[in-house]
Amino acid sequence: MTAKSVARVVAVRSTHWVGDGFLVRPMFGDLAFTAALSPFLMFDWAAPTPFAPSPVPRGVGAHPHRGFETVTLVYDGVVEHRDSAGHAGAIGPGDVQWMTAGSGVLHEEKHGRAFAARGGTASMAQLWVNLPAAAKMTAPRYQAIVAAEIPTVTTAGGRVRVVAGTLTDPAGTVHVGPAATVTPLSVWDGTLGADEVFAAPVAAGWTTLVAVLDGAVRVGGSRVAGGTVALLASDGDGVAIAAEGEDARFLVLAGEPIAEPIAHYGPFVMNTREELWMAMDDFQSGRMGVLEDV
């Protein structure tokens, strides 16, 4: 295996609040919603943030989505969600919610009521994954993936949870993540101890990203600081990540690019401007449903 080199490290962006419950750093910077990262669209990292007890759960109220998927990984705290199609649930530490917005829903994400009442530290990441034109108007669906369902693979120093796609360990065993994806892609959630190394093959021709959440690492010989994302070059057929002197947490995102135009406006991701206007009209006209106050 020849490790891929780093083509670019995305500049660190300032943090901002999403609603009143998620203090996030937009990790993709100026490459968000561009073909350079396809099939991935956007990535927000909410580093550990303390919250005082509150009788009213903090978070984000009703908002629409169409044309893509959201993938939420919880590290600390609890997130409760519900939508206009009648879906509802909660995810806690180690759990993942994979929501296919498809033709469109109104969605709400807030801290869990019990968590909000006692207060504590919240930390999570949310990735947006594009859908091809043929799947953009599919019926919405959810995959609630609990931590126990996610295989953990120990490689040469690394421990990696396979959320989606496959990961081949040094012995040649292929481990399959529980998430069903619309297009071929992998999401690996990894941790390394100080100076440990993780290495694995990736599919040829796939977009490959390393998002460093905590600590600092070296990827293909280049230093990548915490809170930044490395876009890897097309050379090589694998990824090699080494923690630099301290523990590190990272995500490897690898996927087959979707060779289609990207038209983006707020929470809608389509292929044309006309489709965006239709999405906005459907939302404003109530055709994405209604989310009642509770």
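The values are calculated or read from the model by the stated rules, or taken from the named source; none is laboratory data. Keep in mind that this is a model prediction, so the values were computed, not measured. We place every Cβ from the backbone using ideal geometry, glycine too, and count neighbours over all the protein chains shown. For the accessible areas, the whole protein counts, side chains as well, though only heavy atoms, and no ligand, DNA or RNA atoms are used. Shrake-Rupley method; radii C 1.70, N 1.55, O 1.52, S 1.80 Å.
Largest first, what is the accessible-area ranking of 87, 107, 81, 16 with a 1.4 Å probe? Spell out each step's value before the answer.
Numbers: 87 60, 107 0, 81 25, 16 80 Å².
Per-residue accessible area, sorted high to low, gives 16, 87, 81, 107.
Quick one: what are the phi-derived ³J(HN,Hα) couplings along the stretch 5-17, Karplus 6.51/-1.76/1.60 with θ = phi - 60°, whole Hz, x for glycine and proline?
8, 8, 7, 6, 9, 5, 4, 5, 10, 5, 8, 8, 7
What is the sum of charges around residue 95, taking Lys and Arg as +1, Asp and Glu as -1, for the other residues whose C-beta is under 13 Å from the C-beta of residue 95?
It works out to a net charge of -3.
Tally Lys/Arg at +1 and Asp/Glu at -1 over every other residue whose Cβ is under 14 Å from the Cβ of residue 120; what's the total? Let's see the in-between values first.
Working: positive: 58, 113, 118; negative: 76.
That works out to +2.
Residue by residue, what Karplus-based ³J(HN,Hα) values in Hz, rounded to whole numbers, does the stretch 108-122 have, using 6.51, -1.76 and 1.60 with θ = phi - 60° and x for Gly and Pro?
Calculated HN-Hα couplings, in order: 9, 10, 9, 4, x, 4, 5, 4, 4, 5, 8, x, x, 9, 10 Hz.
For residue 31, what is the net charge nearby, where nearby means another residue's Cβ is under 13 Å from its Cβ and Lys, Arg count +1, Asp, Glu -1?
Residues close to residue 31 contribute a combined charge of +1.
On a 1.4 Å probe surface of the protein chains, which of 9, 290, 269 comes out largest in accessible area, and what is the full order?
Greatest to least solvent exposure: 290, 9, 269.
Could you let me know the centre-to-centre spacing of the stretch 154-220 and the stretch 240-294, using Cα atoms, in angstrom?
Each part reduced to its Cα centre gives a spacing of 22 Å.
What does the accessible area per residue of the stretch 71-118 come to in Å², with a 1.4 Å probe and no ligands, DNA or RNA counted?
31 Å²
What part of the accessible area of the chain, given as a whole %, is carbon or sulfur when the probe is 1.4 angstrom? Present the calculation step by step, with values, prior to reporting the outcome.
Numbers: 6560 of 11910 Å².
With neighbouring chains kept in place, the figure for the chain is 55 percent.
Quick check for you: with a 1.4 Å probe and neighbouring chains kept, what is the accessible area per residue of the stretch 21-65, in Å²?
It amounts to 35 Å² per residue over the stretch 21-65.
Can you give me the accessible area per residue for the stretch 141-235, using a 1.4 Å probe, in Å²? Intermediate values should be presented prior to the final figure.
Details: 3610 Å² over 95 residues.
Per-residue accessible area for the stretch 141-235 comes out at 38 Å².
Please arrange 209, 31 by accessible surface area, largest first, computed with a 1.4 Å probe and ligands excluded.
31, 209
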